[in-house]
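Engineer: Once you've had a glance at the structure underneath, I'll fire off some questions.
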Amino acid sequence: MKDETKCLHAGYTPGNAEPRVVPIVQSTTYTYDSTQEVAAVFDDPTKSIIYSRFANPTVMAVEEKIAALEGGVGAMCTSSGQAANLLAVLNLCDAGDSIISTPEIYGGTINLFTHTLRKLGIECIYVDKNETAEEIGRKFKPNTRLVFGETIANPALDVFDIEKFAAIAHEHGVPLIVDNTFATPILCRPFDFGADIVTHSTTKYMDGHAVQGGGVIVDSGRFDWTNGKFPGLTEPDVTYHGISYTEKYGEAAYIIKARMQLMRDFGCYPAAHSAFLLNLGLETLAVRMPKYCENAEKVAAYLQGRKEVESVKYPGLPGDENYQLAQKYLKGSSGVISFVIKGGREKAMQWMNALELASNEVHVADIRTCVLHPASETHRQLSDEELKAAGIDGGMVRLSVGLENVEDILEDLEKGFAAL
Ligand SMILES: *Cc1c(COP(=O)(O)O)cnc(C)c1O
């Protein structure tokens, strides 16, 4: 199936006289005919469903759809994008381990990696994406367990050189995890370029309508976990009768371990109703993404022509420092543009306050056009140094171009400039 078809049909195929639409299974539990049958599911939770803390039929239909879109062997939904990135890391790292990431990532992920993971005994080593493979390779430690990056960085809008980082990670015997939130599998499939695990905040384009939060982890099934660095996947798990995930589940070892251990223990699983709403968004994802890109390309070109604008960052804009990478990895650069208004913090806020159609909201990748001021909103927890490392200026505005008619969007942006 092609993307448009997968969006509508993957993950759920009704049988004779069954509901055409994925049903909301609003039940926390499931009944069985005998205790032996329940015991069998406890022995191998992949065989059936026993409890809503880590499995639900509505959520699993969505998981299958997303796995199909990304080209993975399995997926697990979480109650937020943050939970997805946390579990993606904890599935590989114990206290005493380290991870490698570029600093051009979501502010919430920087907090998680720099501060909260450190409290759990996991160190995040940040590397400069422009350094050579050799220089980056020197930052690895014997305890490094993964490499992390964002396809299109939020909000820096740098395009991650997936092939380069996949090669570096694999040379060091660890997987590459890519947060593919902004691109979605419609604009980029990181597995096609060597990534091993993909995460998403489904709160953004996948849901697309700003109605519910969520996240997902997708497993490519291609990484070989048996090189000695991942005993959690290869050695017996005492909490599951001594099974080895790689021996028992082969290529799906990573994603099954994430559900059986981490989701069981942390319980950040989405509700069936949330998954139902997410599925509605996913049904139109392949139709929506190209339109966001088309609108944003026009808006980026308009902004670039304004004298009040110091710089525009949009990977799809010819001349953008990420243009080549965008051409290589993306079928479009999404609807998100960041640009810097001359005069810093003050002017950026003035411009934003004058908009009428675009809403000032802490969100991005919505169906409606919205704006956000990273320095005073999403990234206000970061020090000036961290802000700089994340590529954020005081005058930076993050503009998320929606699906309105682009002429109406441009007219609204004019109002902002008129107010300066
Ligand atoms: C929003 C976002 C997250 C966090 O997702 P939530 O659903 O808000 O928890 C993670 N990564 C990226 C790239 C994001 O844009």
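Engineer: With (1) more than 16 Å from the ligand (Cβ to nearest atom); (2) over 28 Å from Val238 (Cα atoms) as the list, and Pro57 as the residue in question, which single condition is left unmet?
Structural biologist: It fails just one condition, (2).
Engineer: Moving on. When residues of region 347-372 are filtered for being away from the ligand (no atom under 16 Å from the Cβ) and without any contact (Cβ under 8 Å) to a residue 40 or more places away in the chain, how many remain?
Structural biologist: Result for region 347-372: 3.
Engineer: Name the residues in region 64-104 that are open to solvent by 10 Å² or more (accessible area, probe 1.4 Å) and of a type outside the set (Gly, Ala, Ser), would you?
Structural biologist: Glu64, Val73, Gln82, Leu86, Leu90, Leu92, Asp94, Asp97, Pro103, Glu104
Engineer: Looking at Thr13, Thr35, which one is β-branched (Val, Ile, Thr), under 27 Å from the mean Cα position of the chain (by Cα) and open to solvent by 80 Å² or more (accessible area, probe 1.4 Å)?
Structural biologist: Thr13
Engineer: Would you say Lys331 is more than 22 Å from Thr202 (Cα to Cα) and either within 16 Å of the ligand (Cβ to nearest atom) or not small (Gly, Ala, Ser) (or both)?
Structural biologist: No.
Engineer: Take Gly281 and decide whether it is of a type outside the set (Asp, Glu) and surrounded by fewer than 18 Cβ atoms within 10 Å (Cβ to Cβ).
Structural biologist: Taking the combined requirement at face value, the residue does not satisfy it.
Engineer: Another question, if that's okay. Would you confirm whether or not region 16-24 contains a residue that is surrounded by 15 or more Cβ atoms within 10 Å (Cβ to Cβ), acidic (Asp, Glu) and more than 23 Å from His241 (Cα to Cα)?
Structural biologist: No.
Engineer: Just a yes or no: is a residue in region 140-151 surrounded by fewer than 19 Cβ atoms within 10 Å (Cβ to Cβ) and either within 16 Å of the ligand (Cβ to nearest atom) or of a type in the set (Ser, Thr, Tyr) (or both)?
Structural biologist: no
Engineer: Follow-up. Which residue pairs have Cβ atoms closer than 8 Å, lie 6 or more positions apart in sequence or on different chains, and pair a first residue in region 164-188 that is within 27 Å of Pro290 (Cα to Cα) and of a type in the set (D, E, K, R) with a second residue that is within 11 Å of the ligand (Cβ to nearest atom) and assigned to a strand (DSSP E or B)?
Structural biologist: If the second residue must be within 11 Å of the ligand (Cβ to nearest atom) and assigned to a strand (DSSP E or B), the pairs left are Asp179/Phe148; Asp179/Gly149; Asp179/Glu150; Asp179/Thr199; Asp179/His200; Asp179/Ser201.
Engineer: Identify all residues within region 88-134 that are within 16 Å of the ligand (Cβ to nearest atom), more than 18 Å from the chain's Cα centre (by Cα) and part of a loop (DSSP other than H, G, I, E, B); write none if there are none.
Structural biologist: Residue satisfying the conditions is Lys129 alone.
Engineer: Go through (1) surrounded by fewer than 22 Cβ atoms within 10 Å (Cβ to Cβ); (2) in contact with a Lys or Arg (Cβ under 6 Å, 6 or more places away or on another chain); (3) at positive phi one by one and return the number of the condition Gly121 breaks.
Structural biologist: (2)
Engineer: Being in contact (Cβ under 8 Å) with a residue 60 or more places away in the chain and in a loop (DSSP other than H, G, I, E, B) narrows it down to one of Ala55, Ala68, so name that one.
Structural biologist: Ala55
Rundown of residues vs (1) of a type outside the set (Val, Ile, Thr); (2) under 19 Å from Arg222 (Cα atoms), yes/no style:
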site: Ala39; (1), (2): yes, no
site: Ile49; (1), (2): no, no
site: Ala68; (1), (2): yes, yes
site: Gln82; (1), (2): yes, no
site: Leu92; (1), (2): yes, yes
site: Phe113; (1), (2): yes, no
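Engineer: Starting from region 290-310, keep only residues that are under 13 Å from Val340 (Cα atoms), then list their pairs with residues that are of a type in the set (D, E, K, R) and open to solvent by less than 50 Å² (accessible area, probe 1.4 Å) whose Cβ atoms are within a distance under 9 Å, requiring at least 6 positions of separation or different chains.
Structural biologist: Here the result reads Ala300/Lys313; Ala300/Asp320, each pair linking region 290-310 to a residue that is of a type in the set (D, E, K, R) and open to solvent by less than 50 Å² (accessible area, probe 1.4 Å).
Engineer: Could you please let me know if Asp393 is without any contact (Cβ under 8 Å) to a residue 12 or more places away in the chain and of a type in the set (Asp, Glu)?
Structural biologist: Against the criterion (without any contact (Cβ under 8 Å) to a residue 12 or more places away in the chain and of a type in the set (Asp, Glu)), Asp393 does not qualify.
The values are calculated or read from the model by the stated rules, or taken from the named source; none is laboratory data. In this text the structure is predicted, and so the values were computed from the model without any measurement. Every residue, glycine as well, gets a Cβ built from its backbone with ideal geometry; the counts of neighbours run over all protein chains shown. These accessible areas exclude ligands, DNA and RNA; they are computed on the full protein's heavy atoms, side chains included. Shrake-Rupley method; radii C 1.70, N 1.55, O 1.52, S 1.80 Å.
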